[in-house]
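Beneath this line is the structure, given in structure tokens, with notes to follow.
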């Protein structure tokens, strides 16, 4: 008997340090952009140069997945407040945080938008900490803890022509059990950058790069043609694990071996109680389940493409 | 290994007086959800899930208020061609875990 606890650890507490204060208004010369993530929308008002930086970190998803979006959260970024070189981030006119470094502001804002989107969407979708891609309309779900190589694998698949859904925040329609894209950049850690640079030359120079938790992460925006043309049913649940020097292997496993990983990497199933559990079981029952040991990225991509072919 | 040994000792101490009489039954509200030939038990209050393999699922189906632990072990022993002692040990372990997880009715 094994007990599986459901983790919410990925919803970071980026909002914990907000301070409520009087409403503020951005200067008139600032510009405004809308960010859409499925039915969630955020409006950002900031200097043009800052908006350009944010646009590189918040790629737009496919139009079909964002129809009917309404902006529910408004962020303003005030430059040189409270002093020169500082930034004040204001949420919904009243809640604010200060930053001394531009990169901290950018990363926090991206995280805050992803978190707000997940909160907004969690009643509509099943959420998993996983990567997701599809080939010929057949969806692959890669639930795994951080450091397992999800993003590198997904990037390799996208380079090989797979549709991109996400590298670590998966949204699944609970009634149809189909993947829908959660638009975000693919976060490539330093160790994978060299391997992926031949597939994505922009990783050498152009992609935004930040130091995050002791590692340097490059933010790879998917090209517009990488997005899927529609939702994809989950046909394969694959547990990926990068093991340096190991022989790349794809091994069938029982659904019950996949289930604990899936539940452990979910952040909305528990909220749904028995119905949530039934949806996850239905998902696993309808999918082929595998364990993927990745020693060589190209070999792993070939195995998965062959599977979907 | 030490945890398992501890559980076994604890269980033996606790179960010895009533083990012959107790006929385990599922706790009301616990859902048993099939997954191929295996089983997932869902506890409605803790919202935790527990996976049972094929043999565990058989034991669960025998926790029907009719079978004692000894008779469950007999059934498992005959189905899997293992000794009664081995089956009894495994069944006791599983039932203890199920009880600890609040999936079976209290005796």
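The values are calculated or read from the model by the stated rules, or taken from the named source; none is laboratory data. Everything numeric here is computed off the predicted structure, so don't read it as measured data. Don't worry about glycine lacking a Cβ; one is built from the backbone with ideal geometry, like all the others, and counts go over all protein chains shown.
When segment A:141-167 is filtered for residues that are touching a residue at least 60 places away in the same chain (Cβ under 8 Å), in contact with a helix residue (DSSP H, G or I) (Cβ under 6 Å, 6 or more places away or on another chain) and farther than 14 Å from residue A:296 by Cα, the ones remaining, listed by number, are A:142, A:143, A:144, A:158, A:160, A:164. Taking segment A:168-211 as the region of interest, how many residues are in contact with a helix residue (DSSP H, G or I) (Cβ under 7 Å, 6 or more places away or on another chain), assigned to a strand (DSSP E or B) and surrounded by fewer than 16 Cβ atoms within 10 Å (Cβ to Cβ)? Counting residues in segment A:168-211 that are in contact with a helix residue (DSSP H, G or I) (Cβ under 7 Å, 6 or more places away or on another chain), assigned to a strand (DSSP E or B) and surrounded by fewer than 16 Cβ atoms within 10 Å (Cβ to Cβ) gives 0. State whether one or more residues within segment B:50-65 are in contact with a helix residue (DSSP H, G or I) (Cβ under 6 Å, 6 or more places away or on another chain), without any contact (Cβ under 8 Å) to a residue 60 or more places away in the chain and surrounded by fewer than 17 Cβ atoms within 10 Å (Cβ to Cβ). No: segment B:50-65 contains no residue that is in contact with a helix residue (DSSP H, G or I) (Cβ under 6 Å, 6 or more places away or on another chain), without any contact (Cβ under 8 Å) to a residue 60 or more places away in the chain and surrounded by fewer than 17 Cβ atoms within 10 Å (Cβ to Cβ). Does segment A:115-132 contain at least one residue that is more than 30 Å from residue A:275 (Cα to Cα), touching a helix residue (DSSP H, G or I) at 6+ places or on another chain (Cβ under 9 Å) and touching a residue at least 40 places away in the same chain (Cβ under 8 Å)? Within segment A:115-132, not a single residue is more than 30 Å from residue A:275 (Cα to Cα), touching a helix residue (DSSP H, G or I) at 6+ places or on another chain (Cβ under 9 Å) and touching a residue at least 40 places away in the same chain (Cβ under 8 Å). Here is a check on your reading of the model: is residue A:252 within 14 Å of another protein chain (Cβ to nearest Cβ) and either in contact with a strand residue (DSSP E or B) (Cβ under 9 Å, 6 or more places away or on another chain) or over 23 Å from residue B:53 (Cα atoms) (or both)? The answer is yes for residue A:252. Among the residues of segment A:287-301, are any surrounded by fewer than 22 Cβ atoms within 10 Å (Cβ to Cβ), under 14 Å from residue A:162 (Cα atoms) and away from chain B (no Cβ under 14 Å)? The answer is yes; a qualifying residue exists.
Entry remark, segment A:262-279: residues being surrounded by fewer than 22 Cβ atoms within 10 Å (Cβ to Cβ) and under 14 Å from residue A:143 (Cβ atoms) number 2 in total. Restricted to strands (runs of 3 or more DSSP E) entirely inside segment B:30-101, those with at least 1 residues that are within 9 Å of chain A (Cβ to nearest Cβ) and at pLDDT 95 or above are B:31-35, B:38-42. Residues that are over 14 Å from the mean Cα position of the chain (by Cα) and in a helix (DSSP H, G or I): does segment A:122-142 have at least one? No: segment A:122-142 contains no residue that is over 14 Å from the mean Cα position of the chain (by Cα) and in a helix (DSSP H, G or I). Looking across segment A:255-278, the residues that are within 11 Å of chain B (Cβ to nearest Cβ) and under 21 Å from residue B:54 (Cβ atoms) come down to A:255, A:256, A:257, A:258, A:259, A:260, A:262, A:263, A:277, A:278. Which of the residues belonging to segment A:273-308 are outside any loop (DSSP other than H, G, I, E, B) and out of contact with any strand residue (DSSP E or B) (no Cβ under 8 Å at 6 or more places or on another chain)? If the condition is that a residue be outside any loop (DSSP other than H, G, I, E, B) and out of contact with any strand residue (DSSP E or B) (no Cβ under 8 Å at 6 or more places or on another chain), then A:273, A:275, A:282, A:297, A:298, A:299, A:301, A:302, A:306 are the ones that fit. For segment A:221-252, the set of residues classified as in a strand (DSSP E or B) and either surrounded by fewer than 20 Cβ atoms within 10 Å (Cβ to Cβ) or at pLDDT below 95 (or both) consists of A:233, A:235, A:241, A:249, A:250, A:251, A:252, listed by residue number. Residue pairs whose Cβ atoms lie under 9 Å apart, sitting 6 or more positions apart in sequence or on different chains, and linking a residue in segment A:183-211 that is at positive phi to a partner that is assigned to a helix (DSSP H, G or I), do not occur here.
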